[in-house]
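What follows is a single structure, written as structure tokens, with notes after it.
Please treat every number below as a calculation from the coordinates, not as lab data. These figures come from a predicted structure and were not determined experimentally. Positions of Cβ are generated from backbone atoms using ideal geometry, with glycine treated the same way; all protein chains shown enter the neighbour counts.
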Amino acid sequence: MELYHYRYKKLDYILEEVEQKNAYINEYRLIYRSPYPTGIKTNDRVNVRLFLNKNKSKKNTTYIKNNHILILIHGFSSKNKSMDNYYRFIDKMNENNLSCAFMNLPFHLNRTPDGEKSGKRLLYFDDMETLQFFHQCVVDVKKLISILTKILTFKRIYICGISLGSMVSLITMANDNRISKGVFIIGGGNWEEIHWKGILRFALKGNCTCGEKKYKDKTNREACREIYSTFPIFLKKIKEIKPDKIRMDLKNLPDLKRVTTKMCFLCDPLAFAYRIQPEKVLMINSKFDFYFSKDSSEQLWEELGKPKILWLNKMHSSKILTDKKIIKEITSFL
């Protein structure tokens, strides 16, 4: 299976209009099947909320004012009852003449399996399950773009993600040239940095050593350091390979497979950042981020070719989305 790619014969989807709360916005619920099914019905049903700007000056006619839409990707463990900051952000984007599509990530929000909490399953994933999660995220967004361009003719499609959503957004943009610009908020790269230099070292339960004998006498930290010793070589080698040649199992690329000590290398934003032109990117990061260290964010900034980056004196929180300065910077950039 080609990594971050899907083939389709028919774009199946359901588009439902919801109660209109704003005279200038048409709100819809879009539902479609994930191109990468996991066998869990709730998770494989992708949920998207659409907030489309409409022109009220023409009677009985609804159409997009500027033909631009922003796809918004939320962060890890987001809950339905804590979405206010996201919807305030969407309101501000609408006010600035941008339509929005807000997609639920796998195993989150309306895609959470019964008896589970939004996103918590990810804490127990090993490296292969983590890669499969990111693959599903990316192909879900790519199918969303295909549906959006079928429903309406958008001249420009933008993507914006926060935290985990920033990682998904970057990898998606690197693998889909239909996306014109990307805004990556409080994110970074290098899984070793993310895992061990922030609060995730206390939260992640998955063990990427998977009981391998060679790591038997080592702590998880020591094992991870050894695993990531080949990561710089991996970053060099993956840049030499055409994107459409990369399969999830890497069986066709023995040289790359040899230095891919763990499959999470293939869902590290650093591996794909080189494909994106720096002028198409805005990074927004926090000096006090307890998930993504400054080193993690700066490594990503370097791999992206040093795009514009804003450093905030704020904590890692979706409240960043309501900051007036940030709203102004994002709308100006887009």
Margin query: Can you report the principal axis dimensions of segment 32-163 using only the alpha carbons, biggest first, rounded to whole angstrom?
Written below: 52, 28, 23
Notebook entry, point to check: Based on the Cβ-Cβ distance from residue 221 to residue 199, what FRET efficiency comes out when R0 is 25 Å, to the nearest 0.05?
Noted result: 0.95
Next item on the list: Provide Rg and Dmax in Å for segment 72-150, with only Cα atoms included in the calculation.
Entry: 14.1, 42
Item checked: Pairwise label distance in nanometres, residue 12 with residue 239, each label 7 Å out on the Cα-Cβ vector -> 4.2
Check: How much length is gained on full extension from residue 311 to residue 41, taking 0.36 nm per residue of separation minus their Cα-Cα distance?
Finding: 93.2 nm
Check: List the GluC sites (Glu not before Pro) in segment 64-145 that DSSP assigns to loop (not H, G, I, E or B) and whose Cβ has at most 16 other Cβ atoms within 10 Å. Which are they?
Finding: 116
Item checked: Anisotropy class of segment 210-305 from Cα gyration tensor, a/c 1.5 cut -> oblate
Checklist line | Spin-label model distance (nm) - residue 255 vs residue 91, 7 Å beyond Cα toward Cβ | finding: 5.5
Checklist line | Relative contact order computed over segment 216-334 (Cα-Cα under 8 Å; 6+ residues apart), in percent | finding: 21
Check: About its Cα centre, what dipole magnitude does the chain give when the only charges are +1 on Lys and Arg Cβ and -1 on Asp and Glu Cβ, stated in debye to the nearest 20?
Finding: 700
Check: Where in the chain are the DSSP H helices whose C-alpha atoms run 30 Å or more along the long axis and whose mean Kyte hydropathy is at least -1.0?
Finding: 127-151
Check: Share of antiparallel DSSP beta bridges in segment 1-129, in percent to the nearest 5?
Finding: 75
Next item on the list: Compute the distance in nm between two label points, each set 7 Å from the Cα along the Cα-to-Cβ direction, one at residue 149 and one at residue 280.
Entry: 1.2
Check: Between residue 84 and residue 329, what FRET efficiency follows from the Cβ-Cβ distance if R0 is 22 Å, with the result rounded to 0.05?
Finding: 0.55
Note to self: For a quick check: sort 267, 137 by the number of other beta carbons within 10 angstrom, fewest at the front.
What the structure shows: 267, 137
Next item on the list: Report, for the chain, the % of DSSP beta bridges that are antiparallel, rounded to 5.
Entry: 40
